[in-house]
Structure formats: structure tokens, C-alpha cells
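Novice: First the structure, which I've put down as C-alpha cells, then a few questions once you've had a look.
Only the coordinates and a few stated rules stand behind these numbers; no lab work does. In this text the structure is predicted, and so the values were computed from the model without any measurement. FYI the Cβ positions are ideal-geometry reconstructions off the backbone, even for glycines, and counts take in every protein chain you see.
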Amino acid sequence: MKKWLNATDLSKKINGMVICEVGFGGAHCLNHLNKCTELVFGIEVINLNIKHAIFNGFPKKNLYLFDDLPQTFPRKIDLWLFQDSFEHITEPNEFLKWLENNSSERSKILLVAPQADSLSQKIMQKFWIHKTPDHFFHWSYKGICSLFSQFGFTPIRKFFPLKYINIPMILAHISIIFGLKLPAILCEKTIPNISFPFNLGEMGILFEKVQNSHYDKKNEFQA
């Protein structure tokens, strides 16, 4: 996440922002952001992840279960973060309508998500690594931009998001895609936890509210 914030120039601007991460998982990014800016919220569909975040010291009052969101958030959000989480939302239109109503005038969205028309998707097709049961939708770049435009957001940056993965993560994805139960010897504790940069069919986009839009193709780069 730090690299993506740097690449989109957000790292220089987050001080004083009200930020919300949707689908925060292990809450590592939440804790980092909580040290860098005014106020951070987290939304999560898995209650165990919320408990884990609280256990690690994140304020309970700033965490929300996805199915129990209030109609109006305590504060308007300046930056929404979706790091491989947007494709897990079952009703994206309904959620984006809620998001629009809870966004500040200068609001931005940082999105990293699988790209439906990527080269890897065209080659791998039904065996595409992102084609898992808990991914309800996949969009092309044009498709996701069209969707977000309906709710007042337009792209200002596009980047190629590299992330660090390891062998246990790869094996876990393979087991989900093929419905396999991996032998115990292949569990995380028996495999060296060596990480390496990787991107297979993912896109990164920074959106902002339409009144401030100025997209330029020169703002497309690798991050």
C-alpha cells in the first residue's frame, strides 16, 4: 500500500485526510494509516477480522461490519481504499450509492482489482487465478470507469500494481480454483516464506470526484 500511495502522490496528501479502507483483512494497512492521518475507518465483511483489528489496538468505534453500515457515516470520507476487495461486494451499485453519499467534496478512491480484459484472463480463461467463488464481478478498465462515473467519480491515475506474494498464497489460490484439498505437507509452516513482486491481471486506478477531474494518459505507470 505504501508504494501505491507514493506512486499516486497520495502519501504527501494523506495527513489530515479522513480515510476508510473497505475490506481491510489483517488490518496491517489500517494500523499504518492510523499513525499518518487524522482519522481512519475500516469496513469488513468478516467479523473475525474486526476482532483481530481491535486486538491489535485499532479503535473499535471506527470499525464497521459491512452488513451493519449506518446510512450516514460519522465523518465524510476523503479517501476510500479498495485493495483487492471491490470484487467481493455482491451489490456494487448499491454500495457505491452509499459511498457517494458519504464522500467529502474532495474525495478520492484508490482501487486495486482484477482486470477482466487483461492478457492473463484471455490466456487462462476459466483457470484465471482471480476466478474464485468469492469474486462476484470482474471489470475491464473501461467498465469500472463507467461504473464509477455513475456515482460522480472519474479516473485521474492508472498504474500497474505490483504486490508481494509467496508460495503458500499461490497454493491457496490453486486449491480454491480447482477445489482441491492440499496435503498437510504443503501447509504454510512447511514452505519457506519467500516473497516476490507479482502482478497477474490486476489494475490500479485513482479516482476523484468529477468536479476536480483532469485525466491525462501521461499518468499511466507501473507501481
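Novice: Based on the mean of other Cβ atoms within 10 Å per residue, sort peptides 63-70, 101-108, 78-85, 12-19 so the most packed one is first.
Specialist: The packing order, highest mean first, is 78-85, 101-108, 12-19, 63-70.
Novice: Just to be sure I understand the model, the point goes 7 Å from the Cα along the line to the Cβ. What's the resulting Glu105 to Lys142 distance in nm?
Specialist: 3.5 nm
Novice: Check Gln115: other-chain or 5+ apart residues with amide H under 5 Å from its amide H, H built from backbone geometry?
Specialist: Residues meeting the amide H criterion: Glu202, Met203.
Novice: Evaluate the distance, in nm, between pseudo-label points positioned 7 Å from the Cα of Lys181 and of Lys126 along their respective Cα→Cβ axes.
Specialist: A separation of 2.4 nm, rounded to one decimal place.
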